[in-house]
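A quick write-up on the structure given underneath.
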Amino acid sequence: MLNSEQKQILLKVARETIETYIKTGKTPTFKIDDRLLNEEYGSFVTLHKKGQLRGCIGNIIGTMPLWKTVRNMTIESATGDPRFSAVTEKELEQIDIEISVLTHPKRIENIDEFHLGEHGVIIKRGFNQGVFLPQVAQETGWSKEEFLSSLCSHKAGLSPDAWKDKTTEIHIFSAQVFREKRAQNIATPQ
């Protein structure tokens, strides 16, 4: 979906955003001319500190240009993830940024259409909803059933077997995931 130059632009947007916002409280503006980066795609920004999760927030459905979604989700991941306190200026050097750009979700009727590690999943029933990115399967080592059960119970607030119920909507999507390589203190896509 994105080429290496486009990934580099988004990583630069995220890095400059987190540093500017944490240091000044101001949201930076960018002039991005790339056509694809101005299309509406969902995106998650995940922050790690010394290999540990430090924040992760995103939009599944794009409602603004991709680069703006990345910028806004960078701020939210750094300051708005309820699981963590806001990132401090002292932490900035230890924060690594990972970006997931999402394809548009597709509703499935048969769980065989979902491929563990390749697809993220959105579970919906009524007002309850939960999402796991594709990389959750790789990070946890769960089976397909464990993945879906955990998504239902821990993220969507449903019973663990709600995914088997025909009234539960299951949507899948793919993600292009890339991150900073900060060994030389330079953001480059991996």
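The values are calculated or read from the model by the stated rules, or taken from the named source; none is laboratory data. The structure displayed is predicted, hence computed values, not measured ones. Backbone-built Cβ (ideal geometry, glycine too); neighbour counts: all protein chains shown.
Quick notes
- Residue within the stretch 16-26 that is closer than 12 Å to ARG71 by Cα, among the hydroxyl-bearing types (Ser, Thr, Tyr) and outside any helix (DSSP H, G or I) present: no
- Near pairs, Cβ below 8 angstrom, 6+ apart or cross-chain, from the stretch 54-65 (within 21 Å of ASP96 (Cα to Cα)) to any residue that is modelled with pLDDT under 95 and surrounded by fewer than 17 Cβ atoms within 10 Å (Cβ to Cβ): GLY55/ARG83
- Any pair with Cβ under 6 angstrom, 6 or more apart, that starts in the stretch 87-110 at a residue that is under 20 Å from ARG71 (Cβ atoms) and ends at one that is surrounded by 14 or more Cβ atoms within 10 Å (Cβ to Cβ) and small (Gly, Ala, Ser): VAL87/ALA78; ILE97/ALA14; SER100/ALA175; VAL101/SER43; LEU102/GLY42; LEU102/ALA175
- Scanning the stretch 30-73 for residues that are part of a loop (DSSP other than H, G, I, E, B) and in contact with a helix residue (DSSP H, G or I) (Cβ under 9 Å, 6 or more places away or on another chain) returns PHE30, ILE32, ASP34, GLU39, TYR41, GLY42, LYS50, GLY62, THR63, MET64.
- Boolean, LYS49 is surrounded by fewer than 17 Cβ atoms within 10 Å (Cβ to Cβ), under 28 Å from PRO82 (Cβ atoms) and either touching a residue at least 60 places away in the same chain (Cβ under 8 Å) or not assigned by TED's automatic domain parsing to the domain that holds PHE84 (or both): no
- Matching residues in the stretch 1-37 - criterion: being free of Cβ contacts under 8 Å to residues at least 40 places away in the same chain and closer than 17 Å to ILE97 by Cα: GLU5, GLN6, GLU16, THR20
- LEU11 vs. criteria touching an Asp or Glu at 6+ places or on another chain (Cβ under 7 Å) and crowded, with 22+ Cβ neighbours inside 10 Å: yes
- Scanning the stretch 33-46 for residues that are surrounded by 17 or more Cβ atoms within 10 Å (Cβ to Cβ) and either over 25 Å from VAL136 (Cβ atoms) or more than 12 Å from the chain's Cα centre (by Cα) (or both) yields a count of 1.
- Applying the criterion of at least 2 residues that are at pLDDT 95 or above and crowded, with 17+ Cβ neighbours inside 10 Å to the strands (runs of 3 or more DSSP E) found wholly in the stretch 98-172 leaves 120-125.
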